[in-house]
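Asks: Got a structure here, written out as structure tokens. Questions coming.
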Amino acid sequence: MPDKKTILLFVSCWLLLAVLTLPSGASAAPVPQVAVDGPGSSDVFPIMENQPAVRQAHLVYLAVKEEVGMQATIRYIAARNGSTGTLSDLMVKTDTSVHTLGSAGSDAMLDAELENLRRITRMFREETDRQMNTVGGNPVALRADIASAVAGSPELPLLMDRYWTIRENTELADFDLRVSRARGTLSTLSENGHEIAPAQKKLEEIVTMRTELAAALRSRNDAGIELAHKKIHTASVEYARIISSTKSTAAGDTRTASIIDQCSGVMTRSGMMNVNLGNNGVDTARADELVMQGKIQILEAQNRSRVNNNTGAKETLMEFRKTLQALRDTYRMILAQEDLPQATAQGVLSVAQSLDITAAGIAEL
């Protein structure tokens, strides 16, 4: 009897890639985007970002690759006088799914069709197993036929080229937009009489990193792309710190009030993330406790600030900073221990980074 695990390998591996090896900038499901007021939220260049166009191109490529494998499987079983009617019907449904993925206009539509494609694939896998048992098929030979079909497909290289073109254009356009916004921030600070030379120097350092990112995208070097993203992100965190420090030269009352608003925003965002994690079956008891503690501390800081007790407000914020760091560490532990969907993991990482940035802003008071 053929080895079932071997028979099923070709079907499961590609759609698994759709979730587990999405490129930087792609995600398996949308994450609610919660704006956080304050200097840290828009000054940092994210390591990963939800880019629907990139994700769509990647999923279409993977789905077509799956369809090519199905065609090879049907030919193999038909050559041994096996029944291919059900398999052919499922392949037609896969082709329809490919077109639906290509025309999807939102992340939600992509998610729905990806789930449908997984269902079709599961049914195809089960029927393949039955037919291979019936005809006494050789899984090694089937796997070789599939590999040959994929290698010889004229459509797959074109789809791969399209994916990389969309990814390169999208990532570089996003980078340029963030640089443009950062320059606008510096212009506003300069007009208000702030010293911007250190921040401007750091921003120009970030701008030079575009060349490395563009080269890695052009050469389709995933490791190089990831490294460039990390370098840009690290430099932008320092840039955000400089911006935060620059803005802190404003009146003490205004600065403290702004930080309190930012802290309130990041606690709201953390609370929403806890709900998301809970919906994914994660135990968020510790994270919920820290969010509640943080909200109490923020309320105390607000009350002290309202009566012009800025020294007391800053003392409370310093205690709140410890809560932020504990919450950040809790999220890092969740990332390490839980098998989360990529989009959820990306959201947790983003919130943890916001906690770090907010903590850095408090330290500048």
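Asks: Inspect the stretch 303-314 for any residue being under 21 Å from Glu238 (Cα atoms), touching a Lys or Arg at 6+ places or on another chain (Cβ under 7 Å) and small (Gly, Ala, Ser) and give the result as yes or no.
Replies: Taking every residue of the stretch 303-314 in turn, none turns out to be under 21 Å from Glu238 (Cα atoms), touching a Lys or Arg at 6+ places or on another chain (Cβ under 7 Å) and small (Gly, Ala, Ser).
Asks: Might you check whether a residue that is under 30 Å from Ile196 (Cα atoms) and in a helix (DSSP H, G or I) occurs anywhere in the stretch 341-350?
Replies: Yes: one or more hits.
Asks: Checking the condition of a type in the set (A, V, I, L, M, F, W, C) and in contact (Cβ under 8 Å) with a residue 60 or more places away in the chain, which residue from Leu327, Leu340, Leu299 passes?
Replies: Going through Leu327, Leu340, Leu299 in turn, the sole match is Leu340.
Asks: Scanning the stretch 189-219 for residues that are outside any helix (DSSP H, G or I) and modelled with pLDDT under 95, which turns out surrounded by the most Cβ atoms within 10 Å (Cβ to Cβ)?
Replies: Ile196
Asks: Could I ask something else about it? Every residue in the stretch 317-357 that is farther than 30 Å from Arg55 by Cα, crowded, with 22+ Cβ neighbours inside 10 Å and touching a Leu at 6+ places or on another chain (Cβ under 7 Å), please.
Replies: Leu317, Thr323, Leu324, Leu327 - these are the residues of the stretch 317-357 that are farther than 30 Å from Arg55 by Cα, crowded, with 22+ Cβ neighbours inside 10 Å and touching a Leu at 6+ places or on another chain (Cβ under 7 Å).
Asks: With surrounded by fewer than 22 Cβ atoms within 10 Å (Cβ to Cβ), of a type in the set (D, E, K, R) and within 27 Å of Asn276 (Cβ to Cβ) as the only criterion, which of Lys314, Lys295 stands out?
Replies: Just a single option satisfies the conditions, and that option is Lys295.
Asks: Output the qualifying pairs, or none if there are none: Cβ atoms under 8 angstrom, residues six or more apart or on different chains, first residue in the stretch 131-158 and in a helix (DSSP H, G or I), second residue of a type in the set (Lys, Arg).
Replies: Val135/Arg80; Asp145/Arg75; Val150/Lys65; Leu156/Lys65
Asks: Right, here's the next one. Restricting the search to the stretch 70-87, which residues are surrounded by 14 or more Cβ atoms within 10 Å (Cβ to Cβ) and of a type in the set (S, T, N, Q)?
Replies: Passing the criteria: Gln71, Thr73, Ser83, Thr84, Thr86.
The values are calculated or read from the model by the stated rules, or taken from the named source; none is laboratory data. Treat the numbers as computed from the prediction; the structure is a model and nothing was measured. Don't worry about glycine lacking a Cβ; one is built from the backbone with ideal geometry, like all the others, and counts go over all protein chains shown.
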